[in-house]
1. Can you name the residue in the range A:204-217 that is part of a strand (DSSP E or B) and within 14 Å of A:S279 (Cα to Cα) and, of all such residues, is farthest from the other protein chains (Cβ to nearest Cβ)?
2. Could you tell me which residue of the range B:7-42 is nearest to B:C74 (Cα to Cα), considering only residues that are in a strand (DSSP E or B) and within 12 Å of another protein chain (Cβ to nearest Cβ)?
3. Taking the conditions exactly as written (under 30 Å from A:G62 (Cβ atoms) and small (G, A, S)), does A:S241 satisfy them or not?
4. If I ask for residues that are within 9 Å of another protein chain (Cβ to nearest Cβ), small (G, A, S) and closer than 14 Å to B:C105 by Cβ, which ones from the range B:43-66 would you list?
5. From A:S66, A:S4, grab the single residue that is farther than 20 Å from A:A199 by Cβ, among the hydroxyl-bearing types (S, T, Y) and more than 12 Å from every other protein chain (Cβ to nearest Cβ).
6. Search the range A:141-163 for residues being in contact with a strand residue (DSSP E or B) (Cβ under 7 Å, 6 or more places away or on another chain) and either polar (S, T, N, Q) or in a strand (DSSP E or B) (or both), and hand back the single one that is surrounded by the most Cβ atoms within 10 Å (Cβ to Cβ).
Amino acid sequence: MKASAFSYVRATSVGNAIELLVAHGERARVLAGGQSLMPAMNLRLLAPEWIVDIGRLSELRGISVSGGLVTIGALTRHADVLNSPELAAHAPLLRQATAHIAHPAIRNRGTIGGSLAHADPASEMPACMVALDATIVARGPAGERRIPATEFFCGICQTALSASELLVAIELPAAARNSSHFFGEFARRQGDYAIVGLAALAVVENDRLNDLRAVFFGVSDRPQPAKAAASLVKKAVTPASLSRALEALGEELDPPEDQQANGAMRRHLAKLLLVRCASKLLDRPELHAGGRP
Amino acid sequence: MTAPLPISLHVNGERVEAQVLPRLNLADFLREHLKLTGTHVGCEHGVCGACTVRVDGEIVRSCLTLAVQTQGSCVETIEGLSDSGEITDLQNAFRERNALQCGFCTPGMLIAAQDLLKHEKEPDRAQIREHLSGNYCRCTGYQAIIDAVEETAGMRRERKP
């Protein structure tokens, strides 16, 4: 289908974009790369009266690393994330996850800020932000505020942003030297939205997980940190302890059913991802081989 | 302001000025306004890849791009790539390998494949599959398409060692 009629205005600055959002409120939608917004509009899931195009605001683009903090401008495209040597060094989880976002033609236009503001529960970036303990920087008429990623996602395509706020940047701690990560997802086709996915950040020392933030996506209305992962931390992981963690994970998750998978299948795939995660982080292939959930 | 807006851009090297409604996407602009019907419209939500074109040298989904967003840009369609001779070898390989049947996906497939070949001189089959993962073909089963892209990469390496 085609998008319904709307009025279009190209913002000339961040200040101008916020003025436009204040003026039009809930009737307006921000257009960044358009790779989530345009499909929703073409499918008539959304029919905004106003489109505020921020795509040309170069001040919102770019990646910088300083004092252990990685700052990514909201309009930084997925293709830029993939090709960034800074992010390869300081946020390797983000880079690995981005390779799973759609396809080259979509990564050439889709932006990290757009993906987060859209907040599709099956998309990769929200879960990565929660796993990385990132901060979302939003600017509105009252100035700037910083929202922890753990509090940013409020439901299916719902965020803590108000109608007059613009997501301007993401800040995340640069990867510590002893940190490692895992990213995995199941999708019908490379690049499709995940049926279930897992983004995890860990500290592995002496064959133990001394810290583990495992965040699932596609299993809830927002990124879901797995409480069950805590039972694998700071102790030797054995097939028995992993099996108990999987059981706890199964009880903790209540995944939705849709045309791609029912709840039981999603739960099974989530367990499989946690097995792969532990196996990869600890470099113990036998956990994966023997650890059928 | 739902009224038409003026845009000015280059399409296949020619300057184009037009008045377009904000809701008009680039695929429909190319097809309906410029009669460049090689750009195909399949799913209209970014899944099938039939509408792939190049904007400022990079491949994009023209169904997910508004015509008004291309103000000042250089757009290249399959007609441009074909007429310039840029992909003649790739087109020949597609024909020889039976990498098309109905042809609906072919313009998008060719543009996406050429994008890979520009950036990667020696892609393996997995890389080709991944780069074309956003382009559906319902006829060929993909093997012949991968063959054609792989063969073209090889021929280009031989030509320019």
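The values are calculated or read from the model by the stated rules, or taken from the named source; none is laboratory data. If you're wondering where the values come from, they're calculated on a predicted model, not measured in any experiment. Note that we place each Cβ from the backbone using ideal geometry, even for glycine, and neighbour counts take in every protein chain shown.
1. Going through the range A:204-217, the residues part of a strand (DSSP E or B) turn out to be A:204-205, A:208-217.
After this cut, where a residue has to be within 14 Å of A:S279 (Cα to Cα) as well, the list is A:204, A:208-209, A:212, A:214.
On the way: A:V204: 29, A:R208: 34, A:L209: 31, A:L212: 29, A:A214: 26 Å.
Ranking the qualifying residues of the range A:204-217, first place goes to A:R208.
2. Residues of the range B:7-42 that are in a strand (DSSP E or B), as a first pass: B:7-11, B:14-20, B:25.
From what's left, within 12 Å of another protein chain (Cβ to nearest Cβ): B:7, B:20, B:25.
Numbers: B:I7: 12, B:V20: 17, B:N25: 16 Å.
So, considering only residues that are in a strand (DSSP E or B) and within 12 Å of another protein chain (Cβ to nearest Cβ), the one nearest to B:C74 (Cα to Cα) is B:I7.
3. Values: under 30 Å from A:G62 (Cβ atoms): no; small (G, A, S): yes.
For A:S241, the condition - under 30 Å from A:G62 (Cβ atoms) and small (G, A, S) - is not met.
4. B:G49
5. Values: A:S4 fails: more than 12 Å from every other protein chain (Cβ to nearest Cβ).
The unique qualifying residue is A:S66.
6. Within the range A:141-163, the subset in contact with a strand residue (DSSP E or B) (Cβ under 7 Å, 6 or more places away or on another chain) is A:144-149, A:152-153, A:159-162.
Filter once more, keeping what is either polar (S, T, N, Q) or in a strand (DSSP E or B) (or both): A:144-148, A:153, A:159, A:162.
Numbers: A:E144: 12, A:R145: 15, A:R146: 10, A:I147: 18, A:P148: 13, A:F153: 26, A:T159: 21, A:S162: 14.
Ranking the qualifying residues of the range A:141-163, first place goes to A:F153.
Here is a yes/no grid of residues against (1) surrounded by fewer than 18 Cβ atoms within 10 Å (Cβ to Cβ); (2) in the same structural domain as A:S123 (by TED's automatic domain parsing); (3) under 30 Å from B:I128 (Cβ atoms):
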| position | (1), (2), (3) |
| --- | --- |
| A:N206 | yes, no, no |
| A:N210 | yes, no, no |
| A:G218 | no, no, yes |
| A:A228 | no, no, no |
| A:G263 | yes, no, no |
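Each row is one residue, and each column tells you yes or no for (1) charged (D, E, K, R); (2) over 19 Å from B:R95 (Cα atoms); (3) out of contact with any Lys or Arg (no Cβ under 8 Å at 6 or more places or on another chain); (4) outside the structural domain of B:R54 (by TED's automatic domain parsing).
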position	(1), (2), (3), (4)
B:A112	no, no, yes, yes
B:H119	no, yes, yes, yes
B:P123	no, yes, yes, yes
B:A126	no, yes, yes, yes
B:L132	no, no, yes, yes
B:C137	no, no, yes, yes
B:D147	yes, no, no, yes
B:G154	no, no, yes, yes
